[in-house]
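> Here's a structure for you.
Readers should treat all values here as calculations from the given coordinates under stated rules, not as data from a laboratory. What you see is a predicted model; the values in this text were computed from it and never measured. Don't worry about glycine lacking a Cβ; one is built from the backbone with ideal geometry, like all the others, and counts go over all protein chains shown.
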Amino acid sequence: MSALSQKHLIAIKDLQKSDIELIFQTADTFKEVLQRPIKKVPSLRDITIANLFFEDSTRTRISFELAEKRLSADTINFSASGSSVKKGETLLDTVNNILAMKVDMIVMRHSSSGAQSFLSNHIKANIINAGDGTHEHPTQGLLDGYSVREKFGSLKGLNYLIIGDIKHSRVAGSDIPLMTKMGAKVKVCGPPTLIPKYIEEMGATYEPNLKKALEWCDVANVLRIQLERMDIKFIPSLREYSIFYGVNKDLLDSIKKDITIMHPGPINRGVELNSDVADSKQSIILQQVENGVAIRMAALYLLADRG
Ligand code: CP
């Protein structure tokens, strides 16, 4: 197969296994481009991409911008602060006005789950979801899967653990379907109040004890507690969370197993992950960030081909 089955990249749930394999293979080619002295190809020279960020971002926003520049696309960057959204303009009006200026593709982050899906029913341009509320963050799921594949050669048969605030995590929302589609087993660990009731329907199992969960896994992806998405208290305190669910070197040393540690960022050091693990040889956190550019180049390139 040489084309994606989808015109938009809204959710990993929508992708077939062959789509994910195609994105990984295309990212391999772009990763090789990114090692060259001139890290640029003309693939999207005639394409204009709008990066619409209605919510804060460091990694995803810069990674998409770099990916677009490496592919020679023209780009415009929009953030909700300082825009006419503040004057009451609707999302659809904002996007239609931007598209009227002959923009071909939209990369969008929004705090509302489903915002990109809604748009995809009303506009012709390709849309890439750069994170929607607590729903999905598909390019993060892809770069996580790609980084594990790079380390282990394949995702098939691996034990993949996600620790922390699963309930509010769009990273978990994309990682669980991606890892299970690619043949890994997924377990989640965290306080019961931060685990969705439908976790088994998502394809994962739940282990409340962190040490037992770590003993099971080959790879542990540690997530941040997303206080900004909580309108009520789900945990008594961050200090207590850190005592029961924080990952540190003493805990990993007690397991006597070389677990690979991941984190999507931003890290709250000393809460979910200590610096003695985040900055250790076990951590592939910065490789995840590096791989994000190649994965986003692959997604942009393949979707532009779908027109
Ligand atoms: N991983 C991630 O989405 O980070 P940002 O919020 O900085 O984009």
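> Filter Lys40/Lys185; Lys181/Lys233; Lys185/Lys256; Lys17/Lys102; Lys156/Lys233; Lys7/Lys197 down to the pairs with a C-alpha to C-alpha distance above 30 Å, please. Mind showing how you got there, number by number?
Details: Lys40/Lys185 37 Å; Lys181/Lys233 33 Å; Lys185/Lys256 21 Å; Lys17/Lys102 33 Å; Lys156/Lys233 37 Å; Lys7/Lys197 32 Å.
Checking Cα-Cα distances, Lys40/Lys185; Lys181/Lys233; Lys17/Lys102; Lys156/Lys233; Lys7/Lys197 exceed 30 Å.
> For a quick check of your reading of the filter: which trypsin sites (Lys or Arg not before Pro) in segment 49-120 sit in a DSSP loop and have no more than 16 other Cβ atoms within 10 Å? It would help to have the intermediate numbers written out before the result.
On the way: sites: Arg59, Arg61, Lys69, Arg70, Lys86, Lys87, Lys102, Arg109; in loops: Lys102.
Listed in order of number, the matching sites are Lys102.
> Determine the gain in length on full extension of the stretch Ser18-Ser112; use 0.36 nm per residue of separation and subtract their C-alpha separation, reporting nm with one decimal. Present the calculation step by step, with values, prior to reporting the outcome.
Details: separation 94, 0.36 × 94 = 33.84 nm, distance 2.89 nm.
My answer for the length gained is 30.9 nm.
> Given N residues in segment 21-150, what is its alpha carbon radius of gyration divided by 2.2 N^0.38 Å?
Values: Rg = 15.3 Å, N = 130, 2.2 N^0.38 = 14.0 Å.
In units of the globular-protein estimate, segment 21-150 measures up at 1.10.
> Please work out whether segment 211-307 counts as rounded, prolate or oblate from its C-alpha gyration tensor, where a ≥ b ≥ c are the square roots of the eigenvalues and a/c under 1.5 means rounded, while otherwise a/b larger than b/c means prolate and anything else oblate?
Working: a/c = 2.57, a/b = 1.46, b/c = 1.76.
Oblate.
> Report the dimensions of segment 11-90 along its three principal axes from the alpha-carbon atoms, largest first, rounded to Å.
44, 34, 24
> Now a separate question. Where the Cα atoms of the chain are projected onto their three principal axes, how long is each span, largest first, in whole Å?
Answer, in whole Å and largest first: 57, 44, 34 Å.
> What nm value, rounded to one decimal, do you get for the distance between Lys87 and Ile123 when each label is placed 7 Å out toward the C-beta?
Each label point is offset 7 Å from its Cα along the Cβ direction, giving 1.9 nm.
> Would you mind telling me the antiparallel percentage of the DSSP bridges in the chain, rounded to 5?
On the way: 1 of 36 bridges.
Bridges in the chain that DSSP calls antiparallel: roughly 5 percent.
> For a label point 7 Å from the Cα of Lys40 along Cα→C-beta, name the residues of segment 54-84 whose backbone N is under 14 Å from it.
66-75
> With helices defined as uninterrupted DSSP H runs, which ones in the chain have an alpha carbon span along their own long axis of at least 24 Å and mean Kyte-Doolittle hydropathy of at least 0.0?
Numbers: long enough: 17-34 (25 Å, 0.04); 285-306 (32 Å, 0.61).
Membrane-span-like by this rule: 17-34, 285-306.
> Could you check the simple spin-label distance between Ser275 and Asp74, using points 7 Å along Cα→Cβ, in nm with one decimal?
Here the answer is 4.6 nm between the modelled labels.
> Long-range amide H contacts for Thr205: which residues qualify at under 5 Å (H placed 1.01 Å from N, peptide plane, sequence gap of 5 or more or a different chain)?
Answer set, sorted by chain and number: Val186, Lys187, Val188.
> Tell me the mean residue ellipticity at 222 nm calculated for the chain from its helices only (DSSP H runs of n ≥ 4, each -39500 (n - 2.57), averaged over every residue, nearest 500). Display every interim value, and only then the final one.
Details: 12 runs with 124 residues, N = 307.
Calculated mean residue ellipticity at 222 nm is -12000 deg cm²/dmol.
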